[in-house]
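Here, each number is a calculation from the coordinates, and none is a lab measurement. These numbers come from a predicted model, not from an experiment. FYI the Cβ positions are ideal-geometry reconstructions off the backbone, even for glycines, and counts take in every protein chain you see.
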Amino acid sequence: MMKYSGHPSSHRKLTLVAVLVASLVLVALSLFLFFPGTYQSVAGTAARSINAFAYSVFNAKPHFYALDLEKNGKDFRVEAGSILEISYRDEFVIKSVISDDWREKFISVRIVGSDRGGNHMGVLFRGLDMVNRIMMTGVPQQSAQVDHVYRVMVFHQKEILAEVPIRVMITPQDWLRHAQDIGSMDEQVEYLKKAAAQNLQDAGVRRILAALYLKRNRIDEAVALYEEILRLKPDDYEAMKELARCYLSLRRSDRAMELLSPLVKINQKDAEVYALLGASLGIQHRWEEAVRHYDYAVGLAPDNASFKMMLGQAYEKANKPEAALAQYRQISGSSPEAAAAWRAQGDIYLAGKKYLQAIEYYQKALRNHPQDAAAYANLATAYGGLGKFREEMEYLQKAVTLLPQDPVVRFNLAAAYERQNRISDAIREYDFVLKRNPADLDALDRLAELTFKNKQYAQAIRHYEKLGGKYPKNAAIFVHLGFAYGEIQQYKASVENYEKAVRLGVKDKTLYNNLAYTYKKLGKEKEAVSIYEKALPEDRKNLSTVADYYMKNKQYARAIQYYTKIVKNEPKKASSYFSLGYAYAGNKNWDKAIENYLTALKYDREDDEIYANLGLAYENKGLYADALKAYRHAYEINPETRVAARIPRMRIQLMEKNN
């Protein structure tokens, strides 16, 4: 006889389960054979039914099927095996867990990576907080998504039932936002540089970093990044446009046009592209073409005051002031560009020396923008043009107050001081300009000239030396340097600069005199004489210098040549004839010597030296009586004459001759 083991109720449960399972299997088989499309859905439901029954009846481990959430105010479900994607804009709450424990009596959830405690069911989480925490931990290796930081852990009682990964999406805005929060712009740049280095395919990070470089005027680095973006995304329209803008800042109009030309074909309605092309053509001084492109940009965007300003400026450069004025008038009302438009009209009238009209428009500009330092500076120039120097200085001072470091305003102030002959003030202002902008050659030139005139030769030398380096063919610079060095007794440097001026073709009498004088200071008498001869200066001092040099070197014929010129220049001067007679005596031409000494005595009979030399000439001719007579005249004028001892000798000579 068969015996039953166990409790009768257990046998009933087993029988019931067997019947249920058998029924489900039969239904599943029928669906599979006759309705395959429905089979999978019903099979899933059946499996869940079996799982739920097993959990409820036999306390089997429950199965996890999905998470139900509210995401950004809408219901949202994440199935088992799927990933929950979150961006910084998202907010979400886990509302329920779909599992065999449908009453969720023993179910809890926890978001791993969060610092919150307890059960996270029904707790609000923000994507912004998740993104920030990831960004704070360092630079992610993949900027587009991060999978390993957060996940949802589903627990049944204390046992892990399931795990749902959370994928945090990182956007370019996240990079920028985090970079802005970490400190100075330099620190932001360094952070984004690291991010770009670790995310080689991320164009967004590079775009943001390039924008930061542009803010810091680091144009070359911005260019390099935009070039990288285009290598990653060759058809990136905005990157091409921004790169073109960078090349315009670098005055690389050719490269800018290469980038902009294809954009016109892509989008013929982009007014900004036409404006950028206009700017490129302007850099190449192709102003007529620039006007056409700006005009087209204005046609596409008729309310864009900036484009109208650019068109007006292009008309100015194309020498069409009336057309420029027409553009400026269109935006002189309530436009954001109104003050600039008024000032631009003032500039046109100022350039045409219509000072009253210029003043009118500058004052309109200042009513719109009272802090416009450029308008004050130009207004000052207009008043200066009218000869109203008090008003000129008043408005320049206002411009300086608004822009104390601006070199253009300070240059204008210096020029005003110079016109008023306030040289020290002008020098101070030009010096300020040069310190702010060492490349300003106009300021350097004015400083050199004014310090030279002010006899501040050491400062003048410093400035002229710089100018000489910039303009090595400008002879006037070296003339000034030669003189300045001479004034501070640096004769070697003086000669070097004078010689440069001569090599550059200067044939100025003063230059030659100064160069010869400097040679003499250096003991180079021969070179000095050579310079005097080249210059052929027709004054006694220079002619005497040359003649005396030849006398000293016993080149009497050359000396006679120059002393003769002196006589021609000074025909009634005793010393001229005396010098010429002395030269003839050196050449032993006694007749010519006597002739010139006698002429000298016509103009000065009280010079014992003329009589003394005349006596020597007579003596050398053997005319002892005439010699004795000349010596006696010398003695009468000056008893200490050098020929006094020759008087007795002449008497003896005469006695011997007569015997």
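So here's what we get for this one:
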item: Modelled FRET efficiency - R0 45 Å, Asp604 with Gln420, Cβ distances, 0.05 increments; result: 0.25
item: Potential lengthening between Arg231 and Asp591 on full extension [0.36 nm per residue; Cα-Cα distance subtracted]; result: 119.5 nm
item: Two-site label geometry, Lys552 and Asp442: point separation in nm, points 7 Å out along Cα→Cβ; result: 5.0
item: Cα-centre dipole for region 291-375 with unit charges at Cβ (Lys and Arg positive, Asp and Glu negative), debye to 20; result: 180
item: Pairs beyond 31 Å (Cα-Cα), from Lys265/Lys364; Lys520/Lys565; Lys398/Lys453; Lys592/Lys657; result: Lys265/Lys364
item: Region 379-406-region 286-311 distance, computed between alpha-carbon centres (Å); result: 33
item: Length gained when the stretch Phe76-Gln490 is fully extended (0.36 nm per residue, less Cα-Cα span); result: 139.9 nm
item: Rg(Cα) / (2.2 N^0.38 Å) computed for region 64-170, rounded to two decimals; result: 1.05
item: Per-residue HN-Hα couplings for region 103-112 [Karplus 6.51, -1.76, 1.60; θ = phi - 60°; Hz; x = Gly/Pro]; result: 7, 6, 5, 10, 9, 9, 10, 9, 8, 6
item: For region 500-659, the fraction of alpha-carbon pairs in successive 10 Å shells from zero, as %; result: 11, 32, 28, 17, 8, 3, 1, 0
item: Links that overshoot a 21 Å alpha carbon limit, given the list Lys521/Lys573; Lys269/Lys308; Lys74/Lys105; Lys320/Lys354; Lys435/Lys492; result: Lys521/Lys573; Lys74/Lys105; Lys435/Lys492
item: Relative packing of 586-597, 350-361, which averages over residues the other C-beta atoms within 10 Å, highest first; result: 586-597, 350-361
item: Per-pair calculated FRET efficiency, R0 = 60 Å: Arg255 and Arg126 via Cβ, rounded to 0.05; result: 0.85
item: Long-range HN-HN contacts of Ala66 with modeled amide H, under 5 Å; result: Ala80, Ile98
item: Vicinal HN-Hα couplings computed from phi for region 222-231 (Karplus, 6.51 cos²θ - 1.76 cosθ + 1.60; Hz; Gly/Pro x); result: 5, 4, 4, 6, 5, 5, 4, 4, 6, 5
